[in-house]
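*Asks:* Take this structure, written in structure tokens, and hold onto it; I'll ask about it next.
Laboratory data are not the source of any read-out in this text; all were calculated from the coordinates shown. The structure presented is a predicted model; accordingly, all values stated were derived computationally and were not measured. Every residue, glycine among them, receives a Cβ derived from its backbone with ideal geometry; neighbour counts consider all protein chains shown.
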């Protein structure tokens with residue numbers, strides 16, 4: 001019996017919460033845009049957390065360089081290395097069966113040009129097993145996107161506030177305010193789409209501009225602080241679950257107070273150890 005060609009392979013009827021025996025692909029993402037279906041994306045940095053999100057039906061998991069801030073203890077995303085990203089991406093792939101896993105290209109692994117980008121992205125695909133990569137930049141990164149896509153590596157682009165440029169921005173300001181800045185953001189989004197990106201992340205962009213970009217593109221937009229008109233939304237999972245300490249960006253909504261719950265469990269364990277209540281008879285071998 002002949003196997004169906006790639007063009008004949010079935011497309012997931014629903015990205016979020018759907019079931020199936022295969023991973024989500026970029027073709028499924030494109031079909032969701034055609035249907036007008038919105039979908040969620042979360043970050044993940046380890047197998048156990050990724051498995052929870054996979055079981056919850058989250059269709060796309062990003063192994064973001066946000067690991068620098070919320071997982072590795074760095075002050076920004078800039079110090080994250082490709083070796084670290086490969087290791088954590090491989091863990092997320094091992095912990096999932098359905099989600100499309102996207103590996104972030106860290107700062108300094110693609111800025112030199114398309115050849116460096118291909119070398120870095122190839123490691124994420126071959127060593128970690130990701131289904132796609134993400135990189136920051138619009139027009140300035142279009143050549144990198146084009147070579148990766150032509151080489152068989154799907155690319156999610158990222159424009160607007162690009163955290164790897166924190167030193168150039170002098171912080172994390174909203175992007176695209178003012179006519180000139182808005183037109184540049186539109187050009188950036190269209191440039192990476194034309195280069196072959198299958199989706200474009202819009203971070204910290206006025207909602208009205210994000211809506212215009214979303215209408216202008218044939219590929220889906222993924223918003224983070226970009227209003228509700230984007231095709232998809234992404235959050236850093238530690239922000240979403242209330243694990244992150246300190247001040248959070250305006251666009252974050254906490255769906256759980258996990259830091260408080262986990263701290264409470266740790267204190268309860270410690271109290272029982274100190275008083276001798278743990279281990280009790282049910283936890284003891286004879």
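*Asks:* May I ask you to work out the translational diffusion coefficient for the stretch 188-286 at 25 °C, viscosity 0.890 mPa s, via Stokes-Einstein with Rh from the Kirkwood sum over Cα pairs, reported in whole µm²/s?
*Replies:* Numbers: Rh = 16.8 Å.
In µm²/s, the coefficient rounds to 146.
*Asks:* Something else about it: Taking other Cβ within 10 Å of each residue's Cβ, how do 271, 65 sort, fewest first? Please report the intermediate quantities before stating the final value.
*Replies:* On the way: 271 11, 65 28.
Fewest to most other Cβ atoms nearby, the residues stand as 271, 65.
*Asks:* By count of other Cβ within 10 Å, fewest leading, how are 283, 71 ordered? Before the final figure, lay out the partial values.
*Replies:* Details: 283 7, 71 21.
With the sparsest Cβ surroundings first, the list reads 283, 71.
*Asks:* A further question follows. Residue 179 to residue 283: extension gain in nm, 0.36 nm per residue of separation minus the Cα-Cα distance? Could you put the intermediate results ahead of the total?
*Replies:* Working: separation 104, 0.36 × 104 = 37.44 nm, distance 6.60 nm.
Length gained, residue 179 through residue 283: 30.8 nm.
*Asks:* With a point put 7 Å past each Cα toward its Cβ, work out how far residue 143 is from residue 269 in nm, to one decimal.
*Replies:* 5.2 nm
*Asks:* Quick one: work out Rg over Rh on the C-alpha atoms of the chain, Rh as Kirkwood radius. Mind showing how you got there, number by number?
*Replies:* On the way: Rg = 20.3 Å, Rh = 19.9 Å.
Ratio of gyration radius to Kirkwood radius for the chain: 1.02.
*Asks:* Still on this structure: Given 37 °C and 0.692 mPa s, how large is the Stokes-Einstein diffusion coefficient of the stretch 90-143 in µm²/s, with Rh as the Kirkwood radius over Cα pairs?
*Replies:* Details: Rh = 11.7 Å.
Answer, rounded: 281 µm²/s.
*Asks:* Another question, then. Ignoring everything except DSSP H segments at least 4 long, calculate the 222 nm mean residue ellipticity for the chain; use -39,500 (n - 2.57) per segment, divide by total residues, nearest 500.
*Replies:* Working: 11 runs with 108 residues, N = 286.
Mean residue ellipticity at 222 nm (helix-derived): -11000 deg cm²/dmol.
*Asks:* Give me the mean projected area, in nm² to one decimal, of the convex hull enclosing the Cα positions of the stretch 64-209. Don't jump to the answer; show the numbers that get you there.
*Replies:* Values: hull surface 34.7 nm².
In nm², the orientation-averaged hull projection of the stretch 64-209 is 8.7.
*Asks:* Contour minus end-to-end for residue 22 and residue 215, with contour as 0.36 nm per residue of separation and end-to-end as the Cα-Cα distance? Show your work: numbers first, answer last.
*Replies:* Numbers: separation 193, 0.36 × 193 = 69.48 nm, distance 3.02 nm.
Stretched fully, the residue 22-residue 215 segment lengthens by 66.5 nm.
*Asks:* If one computes the Cα centroid of the stretch 95-164 and of the stretch 178-212, what distance in Å separates the two points?
*Replies:* 18 Å
*Asks:* In whole Å, what is the distance between the alpha-carbon centres of the stretch 223-266 and the stretch 17-44?
*Replies:* The distance from the Cα centre of the stretch 223-266 to that of the stretch 17-44 comes to 21 Å.
*Asks:* Of the residues 68, 176, 20, which exhibits the maximal mean-square fluctuation in a Gaussian network model of the chain defined by a 10 Å Cα contact cut-off?
*Replies:* Per the Cα network of the chain with a 10 Å cutoff, 20 tops the list.
*Asks:* By how many nm would the segment from residue 78 to residue 150 grow when fully extended, if each residue of separation counts as 0.36 nm and the alpha-carbon distance is taken off? Working shown, then result.
*Replies:* Numbers: separation 72, 0.36 × 72 = 25.92 nm, distance 2.76 nm.
Here the answer is 23.2 nm.
*Asks:* Evaluate the Debye formula for the stretch 58-108 with equal point scatterers sitting on the alpha carbons, no solvent, and hand back log10 of I(q)/I(0) at q = 0.16, 0.19, 0.27 Å⁻¹, in q order, two decimals.
*Replies:* These q points yield log10 I(q)/I(0) values of -0.42, -0.58, -1.00.
*Asks:* Moving on. Among 273, 222, 125, whose mean-square fluctuation peaks in a Gaussian network model of the chain (Cα, cutoff 10 Å)?
*Replies:* 273
*Asks:* Same structure again: Could you list 107, 251 so that the one with the fewest beta carbons within 10 Å of its beta carbon is first and the one with the most is last? All intermediate terms of the calculation are to be shown ahead of the outcome.
*Replies:* On the way: 107 23, 251 16.
Fewest-to-most Cβ neighbours within 10 Å comes out as 251, 107.
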